[in-house]
Amino acid sequence: MVKREKVDTLYFLCVLLLLYRSLSLTSHTFPFLFLLVSYFFSSSYINIKDFPFLHLEERKLVLFLAFLQRSKMQKQPPQSVDFALKQTSPNIGAGAVTGDKLSCTYDLVEQMQYLYVLVVKAKELPGKDVTGSCDPYVEVKLGNYKGVTKHFEKKSNPEWNQVFGFSKERIQASILEVFVKDKDVVVDDLIGRVVFDVNEIPKRVPPDSPLAPQWYRLEDRKGNKPKGELMLAVWMGTQADEAFPDAWHSDAASVGPDGVTNIRSKVYLSPKLWYVRVNVIEAQDLVPSDKGRFPEVFVKAVLRNQALRTRISPSKTINPMWNEDLMFVVAEPFEEPLFLSVEDRVGSNKDETLGKCVIPLQVVQRRLDHKPVNSRWHNLEKHVIVDGEKKEMKFASRIHLRICLEGGYHVLDESTHCSSDLRPTAKQLWRPNIGILELGILSAHGLMPMKTKDGRGTTDAYCVAKYGQKWIRTRTIVDNFMPRWNEQYTWEVFDPCTVITIGVFDNGHIHGGAGGAKDARIGKVRIRLSTLEANRVYTHSYPLLVLHSSGVKKTGEVQLAVRFTCSTLINMLHMYSHPLLPKMHYIHPLSVIQLDSLRHQAVQMVSVRLSRAEPPLRKEVVEYILDVDSHMWSMRRSKANFFRIMGVLSGLIAVGKWFDQICNWRNPITTILIHILFIILVLYPELILPTVFLYLFLIGIWNYRWRPLHPPHMDTRVSHAVAAHPDELDEEFDTFPTSRPSDIIRMRYDRLRSIGGRVQTVIGDLATQGERLQSLLSWRDPRATTLFVTFCLIAAIVLYVTPFQVVALLIGLYALRHPRFRHKLPSVPLNYFRRLPARSDSML
């Protein structure tokens with residue numbers, strides 16, 4: 001196959017030749033140029049039939065151009081068929097009107113029909129026990145599928161308010177039966193039933209109002225109507241129905257009433273997080289127990305499970321000063337106060353409390369900008385023991401603090417590289433949204449068995465998606481390797497340079513689950529909104545990849561439909577001129593160590609809050625979506641980042657090699673053309689910047705034909721996951737602190753020392769070159785500095801009397817001189833620079 005570089009050159013030459021030939025054909029110039037340009041900027045192939053007006057020579061050139069175009073547009077070999085992204089064509093509405101359903105309301109998923117049964121309540125149920133009471137429950141039966149409500153003890157007027165959903169695809173019966181039964185020890189007694197013909201059930205299409213429940217008289221199997229009535233509502237609907245999220249579904253028939261709550265779809269909101277800044281200024285009139293020594297005082301602050309302390313005050317008096325900031329993360333509502341204590345280091349690992357104070361966060365001032373808030377003095381309280389009893393003693397000691405809730409920061413709970421929300425905490429500082437993100441979670445296929453039940457593998461899959469403060473969870477499809485969710489969700493978009501994360505998990509808590517049971521991760525997908533074209537529907541099947549200690553594994557594929565709708569193009573383009581984070585991150589930046597610690601605390605707060613919801617979004621799910629372990633050391637990630645850097649620098653390396661070939665006259669014609677171009681730019685320097693920017697413009701227009709047509713996905717080659725050594729993966733999945741044997745730890749430590757030695761050598765070489773530059777004028781080598789100072793004087797005189805264009809021309813021609821006038825030895829300036837002294841000879 002022809003190399004890509006040669007194809008580019010030949011393609012460009014053919015275009016120039018055809019343009020030149022077309023200029024001589026006065027009658028064909030404009031249509032020819034129109035066709036050529038249209039093909040140049042489109043992704044379709046050139047067809048000779050579109051050029052009927054050309055002569056024989058031009059037709060031959062067009063044929064050759066078409067061949068080159070096909071050679072160039074051939075795709076690079078994919079990373080792997082199993083790990084590749086696949087475009088799909090699901091049967092979704094995407095704005096069309098299909099039947100009686102307006103697709104624009106729920107158009108990114110396939111329509112699924114459900115038969116809904118809403119069991120509201122019953123009244124005047126007859127007693128079946130000896131005592132004349134009953135323990136009623138309702139059983140909804142449709143063919144082989146049966147749903148059961150909870151039962152009430154001795155209640156003749158029970159209320160259930162429970163919805164049952166039966167998938168129309170699985171309906172094989174023509175009759176729907178609703179039984180009211182009395183719970184008994186041996187056999188449950190039938191109180192009565194209501195029967196519906198499935199073909200006569202009405203259809204409801206949102207946004208119609210919900211169907212009103214009606215009272216139905218219960219009848220026995222013989223058709224008699226004893227005492228008792230049941231309030232029901234029965235209708236045919238879709239997954240767009242309001243009853244869908246809370247319904248018991250027929251595909252979860254094996255799940256008991258207690259486990260239904262763990263399989264429902266739900267929308268969650270992350271708690272609103274604030275940074276709390278505690279500026280500890282000073283304290284006054286402290287009373288240490290030992291007045292004969294200089295106190296070593298520090299302040300300790302505790303907020304929930306976060307504990308921070310200041311440094312020991314440099315002024316070792318009873319009036320110490322710190323002026324130090326302590327940063328915490330807190331979630332609304334502010335339930336716990338801030339505890340402060342002033343302590344004295346009286347000995348090794350022994351501290352004495354000199355006073356305490358408690359500050360409720362509800363009364364703390366909220367700051368929206370960089371203006372300082374008012375400081376306050378707080379009295380310190382101290383407990384003393386008198387006659388064996390603890391007594392509170394108030395005295396004149398006090399502490400000077402400046403405390404505020406920072407609303408101008410964005411509390412980071414995700415990595416900034418793949419964050420879904422960059423807005424500040426305070427809602428007053430939010431900008432208007434720029435668009436809407438719609439996600440359709442259609443289905444998954446090829447899922448691997450994640451656990452064993454009754455001696456066979458099974459998977460109970462559900463999806464979780466997170467964007468901004470909104471989390472969504474689909475319903476769990478029980479015991480199915482090809483689940484179909486067909487659920488659609490919407491988010492407001494405030495910044496296009498954000499990422500939505502979708503994870504697929506196996507539900508480990510359907511049947512109660514053991515105490516240590518966890519929801520196993522099946523895979524994850526990230527989609528950056530800035531890579532999506534506005535108002536276009538992307539339907540793809542994404543590979544679900546999970547990295548194990550044994551290597552990367554594909555656990556299935558998830559099919560998604562994504563659409564980013566832009567409300568105002570001007571506002572979206574204007575966002576690219578704004579800083580990525582709120583301005584407080586740049587006016588008063590936090591250190592990297594602070595950000596890492598605060599992010600860890602933020603993740604813990606979010607996971608704790610969401611795990612208390614119903615159904616709970618468990619800790620392992622939240623941490624996987626938020627990439628909580630992305631900062632941990634990994635040899636695989638280090639190699640991947642190194643190759644990413646080399647990929648970025650490959651362009652500069654290629655330019656350097658090309659310039660070296662020019663200087664060595666590998667291609668004399670190209671070198672002569674470069675000489676001519678260089679002379680033109682020297683004589684007309686005002687053309688340099690326009691030429692550079694025009695060249696960049698043409699490169700961008702040229703690359704438009706080969707722009708990515710699909711959103712990026714998890715790439716095993718970029719991640720360096722396939723080629724990773726098993727020991728590197730075992731180290732990556734090791735606990736912290738380590739749990740591996742001592743011989744493995746010793747081997748890994750030696751390997752790390754070897755890598756560190758190489759890094760140390762490179763850093764030392766860089767330091768040596770920098771010190772040589774400093775020694776040019778430092779007179780450390782008096783002879784070298786004398787030579788350099790003399791050269792600077794001569795150069796100043798020469799450059800003053802010689803036009804700059806002449807100097808630039810001479811330097812350029814000297815650099816591009818023919819190899820006949822070159823020597824293999826290093827140049828004089830390089831020899832001089834390498835002889836300059838550095839501090840490497842002063843190191844031990």
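The values are calculated or read from the model by the stated rules, or taken from the named source; none is laboratory data. Please read all numbers here as calculations on a predicted model, not as lab measurements. Note that we place each Cβ from the backbone using ideal geometry, even for glycine, and neighbour counts take in every protein chain shown. Just so you know, the surface numbers come from the protein's heavy atoms only, side chains and all, with ligands and any DNA or RNA stripped out. Shrake-Rupley method; radii C 1.70, N 1.55, O 1.52, S 1.80 Å.
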Q | Residues with amide H under 5 Å from that of Trp485, placed H, sequence gap 5 or more | A | Ser443, Ala444
Q. Does the stretch 635-842 classify as rounded, prolate or oblate by the C-alpha gyration tensor (a ≥ b ≥ c root eigenvalues; a/c under 1.5 gives rounded; else a/b over b/c gives prolate, otherwise oblate)?
A. oblate
**Q.** Accessible area (Å², per residue) of the chain, counting only protein heavy atoms and a probe of 1.4 Å
**A.** 56 Å²
**Q.** Compactness relative to 2.2 N^0.38 Å, alpha carbon Rg of the stretch 427-626
**A.** 1.14
Q. What spacing in nm lies between the two simple spin-label points modelled at Ala815 and Arg834, each 7 Å away from Cα in the Cβ direction?
A. 2.1 nm
Q) Want the number for Ile679 to Lys168: 0.36 nm per residue separation, take away the alpha-carbon distance, what's left? A) 176.2 nm
Q. Taking 0.36 nm per intervening residue step and subtracting the Cα-Cα distance, what contour gain separates Glu492 from Arg783 on full extension?
A. 97.9 nm
Q.
For a Förster distance of 51 Å, can you work out the FRET efficiency between the beta-carbons of Lys203 and Asn433, rounded to the nearest 0.05?
A. 0.90
Q: Holding the Cα-Cα limit at 22 Å, pick out from Lys86/Lys453; Lys150/Lys518; Lys86/Lys553 the pairs that are longer than that.
A: Lys86/Lys453; Lys150/Lys518
Q) How much solvent-accessible surface does Thr670 expose, in Å² to the nearest 10, with a 1.4 Å probe and all protein chains in place? A) 50 Å²
**Q.** Where Cα atoms sit under 16 Å apart: lysine pairs in the stretch 273-404 separated by 8 or more or lying on different chains
**A.** 11
Q) What's the center-to-center distance, using Cα atoms, between the stretch 624-666 and the stretch 683-723 in Å? A) 15 Å
Q: Starting from the amide H of Gly192, placed 1.01 Å from N in the peptide plane, find each other amide H under 5 Å away whose residue is 5 or more places distant or on another chain.
A: Val180
Q: Quick one: which residues, 5+ away or cross-chain, put their amide H under 5 Å from the amide H of Ser420? H built at 1.01 Å from N.
A: Gly468, Val499
Q) By how many degrees, between 0 and 90 and to the nearest 10, does the Cα long axis of helix 635-663 differ from the longest principal axis of the chain? A) 30 degrees
Q. So how much slack lies between Ala212 and Val186, counting 0.36 nm per residue of separation and subtracting their Cα-Cα distance, in nm?
A. 5.7 nm
Q. Carbon-plus-sulfur fraction of the accessible area of the stretch 113-253, 1.4 Å probe, in percent?
A. 46 percent
Q | Rounded, prolate or oblate (a/c below 1.5 giving rounded, otherwise prolate when a/b exceeds b/c) for the stretch 529-604 by Cα gyration tensor | A | oblate
Q: Report the FRET efficiency, 1/(1 + (r/R0)^6), for Arg758 and Ser630, where r is their Cβ-Cβ distance and R0 is 30 Å, rounded to 0.05.
A: 0.75
Q.
Give me the percent relative contact order of the chain, please, defined on Cα pairs under 8 angstrom at least 6 residues apart.
A. 10 percent
Q: Would you mind classifying the stretch 583-650 by shape? Square roots of the alpha carbon gyration tensor eigenvalues, ordered a ≥ b ≥ c; an a/c under 1.5 is rounded, otherwise it is prolate if a/b is larger than b/c and oblate if not.
A: oblate
Q. Helix 804-815 versus the longest principal axis of the chain: what angle, 0 to 90°, nearest 10, using Cα atoms?
A. 80 degrees
Q: Give me the percent of the accessible area of the stretch 553-637 that comes from carbon and sulfur atoms, probe 1.4 Å, all protein chains in place.
A: 61 percent
Q) In whole Hz, what ³J(HN,Hα) sequence does the stretch 320-337 give by Karplus (6.51, -1.76, 1.60; θ = phi - 60°), x for Gly and Pro? A) x, 10, 10, 6, 10, 9, 10, 10, 10, 10, 9, 10, 6, x, 7, 8, 10, x
(Q) Just to make sure I understand: if all protein chains stay in place, what is the order of Ser420, Ser742, Ser348 by accessible area at 1.4 Å, largest first? (A) Ser348, Ser742, Ser420
Q | Sites Ala808 and Asp596, calculated FRET efficiency, Cβ-Cβ separation with R0 51 Å, nearest 0.05 | A | 0.55
Q: Compute the acute angle (0 to 90°) between the alpha-carbon long axis of helix 688-703 and the principal axis of greatest extent of the alpha-carbon atoms of the chain; round to the nearest 10°.
A: 40 degrees
Q | Label selected from (i) 2, 8, 13, 16, 17, 16, 13, 8, 4, 2, 1, 0, 0; (ii) 2, 9, 12, 13, 13, 12, 11, 10, 7, 5, 3, 2, 1, 0, 0, 0; (iii) 2, 10, 18, 22, 20, 14, 8, 4, 1, 0, 0, the criterion being P(r) over Cα pairs in 10 Å bins from 0, in percent as computed here | A | (i)
Q) What is the distance in Å between the Cα centres of the stretch 214-266 and the stretch 421-442? A) 37 Å
